[in-house]
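Some notes on the structure that comes next.
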Amino acid sequence: MTNAACWRKARRVLAGGVNSPVRSFSAVGSSPFFVDRGEGPYLWDVEGKRYLDYVGSWGALILGHRHPAVMRAVAGALRNGTCFGTPTPQETALAEAITGAFPSMEQVRFVSSGTEAVMSAIRLARAKTSRSKVLKFEGAYHGHADSLLARAGSGMFTLGLPSSPGVPLHVAADTISVSFNGLKGVAEAVRRHRREIACLIVEPVMANSGLIPPEPGFLEGLRRLTREEGIVLIFDEVITGFRLCYGGAQKLYGVEPDLTVLGKAIGGGFPVGAYGGGRKLMGLLSPAGPVYQAGTLSGHPVAMAAGLATLEALRRPGVYRRLNERAGQLKKGLLALSQRAGVPAAVHQTGGLLTLFFSKAAPRNAAQAKRSDSRRYARYFRRMLKEGVYLPPSSFEAWFISAAHGRRQIDETLAAHRAALRGL
Ligand code: KE4
C-alpha cells in the first residue's frame, strides 16, 4: 500500500481524509504520509521511508516512540483488562504524581482530551464567579470547544465573533481576545468588562502561533490583575506541562494559576486530559458539588499506566537538561546556517520546544507571527520531509524535541536544514 493509495482511501470514508485538520498537510501544500510504526525519535511510513519526528504526536511522545518502560506498563495494565468505568488505584496514583509536581493543583479531574479539560475548567470558573465572559489571547489554541472558537471582534476589546461556522454568535460574544505580551490590553479589557469576566485562559508559553514565550513580568502581571479582579486564572499547560520542566511553565516562571489544564505528555501517548486546582474550587465539581462534568473513559486505566510510566521516566536526573541542551544546539545551528545562506530566520526556543520563523525578528505576539513567511515555510517543510525530517505541517506550531533525540539527530536535522535552504 502506498501513501497515495492510503490517502485516496482515507478521503473516501474520513471527513477530509483525517481525524484532525492539521494532519492533512493542507497548510503546507502537500498530502500526508501514512505511518506504519514509530521507534525512538523516528517514524516509518507505509512505504518504509524513515522520518526524524519533530511532531511526536503533538507533544504527547516526550520520551519518543515505544519507550520500553511505557510499553511494559501498558502491557501490564492490559493483562488486567482495558477499562471498567469504576475507580481504579491507577487514577489516584497518576493524580498523586501530578499534584506532587504542581503545588497549585491540590486536586485533579481526568478527562479524555485537552479540549474536554479546558471546557470543564471554564465551566468551573463560571460557576465559581457567576460570571460568563472568558478572556483569551489572539492566536492561542485551547481546543475546539465553542467558546474558544472565537476571534477578536472589530476592535481588540470588543466581544468575540465566531471563528468557525456552527459557533453561535451569543456564545462567541462571551469571549474577548487580546494580544499576548500586552498587559495594557489585558488591563483595558478587564476595565471595560469589570465584574463580567469569569476567567482568563492563557498558554503561559504560546505554542499555537509558533512558539512565543512570555516577556519578563507578563505572567506576573496577569496573576496580579486577575487576583485583584476576582478572575480565575487558568494556565493551559496541555503542551508546556511536564515539557518545559517537571513542574511546567508555572514552575519555570514562578507564577501559580488558580486552575491548570494538562494533556499530551501525561497520557504517554493515550487519550488523557486533566484539570486541577485548589481543593475548595475543585470541591464545586459533582459529585461533591453542583458543577456537573462526567466522562465514560475518564481516568482510563491503560492510559493512567502509560502516563505514570512517562512521568517516572521524566523524573530521572538529566532528562530536562538534555532536552533543553538539544533544543539549544538545534536553535544555534538553525540560526547560523540560515544566516550563512542569507535567509531571514528567527527562532524562539523554551525547554524542549522551538519554532523557526522565516522573518527578521522573532514575534512577540500572534499578529507578528502571522507576518512571517508561511509560504517559504511550506516550501521548507516539503524539502525537509524529502530529507527525512518531519516538521509540524504548519508554520504556526512548535517543534517537539523528545528525550530520544540525541546529538546525532540534531546533526541530521542541521544537515537537512542546510540542504533545504539552497534556493529556498
Ligand atoms: P486536544 O483536545 O487536541 O487533546 O487538546 C487541545 C489543546 C488544548 N490546549 C493546547 C495548548 C493545545 O495545544 C491543544 C491541542 N494542540 C494541537 C497542536 N497544537 C493538537 C493537534 C491537533 O489539533 O491535531
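Of the residues in segment 275-293, not one is on the phi > 0 side of the Ramachandran plot, at pLDDT 95 or above and within 14 Å of the ligand (Cβ to nearest atom). Please go through (1) crowded, with 18+ Cβ neighbours inside 10 Å; (2) at negative phi; (3) in contact with a strand residue (DSSP E or B) (Cβ under 7 Å, 6 or more places away or on another chain) for M119 and return the number of the only condition it doesn't satisfy. Every listed condition holds for M119 apart from (3).
Only one of F357, F381 is within 27 Å of R243 (Cα to Cα), touching a residue at least 24 places away in the same chain (Cβ under 8 Å) and in contact with a strand residue (DSSP E or B) (Cβ under 6 Å, 6 or more places away or on another chain). Can you tell me which?
F357
Filter segment 393-409 for residues that are over 22 Å from the mean Cα position of the chain (by Cα) and in contact (Cβ under 8 Å) with a residue 12 or more places away in the chain; which is surrounded by the most Cβ atoms within 10 Å (Cβ to Cβ)? Even if it seems obvious, please write down each step before you answer.
Step one: of segment 393-409, the residues over 22 Å from the mean Cα position of the chain (by Cα) are 406-409.
Among the residues that remain, those that are also in contact (Cβ under 8 Å) with a residue 12 or more places away in the chain are: 406-407, 409.
Working: G406: 13, R407: 11, Q409: 22.
Per the criteria, the residue is Q409.
Beta carbons closer than 6 Å, at least 6 apart along the sequence or on distinct chains, pair a first residue in segment 104-115 that is assigned by TED's automatic domain parsing to the domain that holds T86 with a second that is of a type in the set (A, V, I, L, M, F, W, C) and near the ligand (Cβ under 8 Å from one of its atoms) for V111/A117; G114/V238. State yes or no: is I239 over 16 Å from E106 (Cβ atoms), out of contact with any His (no Cβ under 6 Å at 6 or more places or on another chain) and aliphatic (A, V, I, L, M)? So I239 fits the description; yes. In the set (1) among the small types (G, A, S); (2) closer than 28 Å to P271 by Cβ; (3) without any contact (Cβ under 8 Å) to a residue 60 or more places away in the chain; (4) away from the ligand (no atom under 16 Å from the Cβ), G185 fails one condition alone, (2). Only residues that are of a type in the set (A, V, I, L, M, F, W, C) and under 19 Å from the mean Cα position of the chain (by Cα) were counted across segment 368-392, and they come to 2.
Taking helices (runs of 4 or more DSSP H) as the structural unit, those lying wholly within segment 292-394 and holding at least 2 residues that are out of contact with any helix residue (DSSP H, G or I) (no Cβ under 8 Å at 6 or more places or on another chain) correspond to 319-340, 366-370, 374-386.
For segment 215-272, the candidate set comprises residues that are touching a Ser or Thr at 6+ places or on another chain (Cβ under 7 Å) and among the charged types (D, E, K, R); within that set, the residue that is farthest from the ligand (Cβ to nearest atom) is E256.
Within segment 32-59, the set of residues being farther than 14 Å from L391 by Cα and part of a loop (DSSP other than H, G, I, E, B) comprises F34, V46, E47, G48, K49. Check segment 79-102 and report whether any residue there is away from the ligand (no atom under 16 Å from the Cβ), within 22 Å of the chain's Cα centre (by Cα) and modelled with pLDDT under 95. Within segment 79-102 (the criterion being away from the ligand (no atom under 16 Å from the Cβ), within 22 Å of the chain's Cα centre (by Cα) and modelled with pLDDT under 95), the answer is no, since none of the residues qualifies.
Considering every residue within segment 60-68, establish whether at least one is part of a helix (DSSP H, G or I) and more than 21 Å from S20 (Cα to Cα). Can you show your working first?
Of the residues in segment 60-68, the ones part of a helix (DSSP H, G or I) are 68.
Add one more test, that the residue is more than 21 Å from S20 (Cα to Cα), and what stays is 68.
Scanning segment 60-68, I find at least one residue that is part of a helix (DSSP H, G or I) and more than 21 Å from S20 (Cα to Cα), so the answer is yes.
The values are calculated or read from the model by the stated rules, or taken from the named source; none is laboratory data. The shown structure was predicted, so the numbers you read here are calculated from the model rather than taken from an experiment. We place every Cβ from the backbone using ideal geometry, glycine too, and count neighbours over all the protein chains shown.
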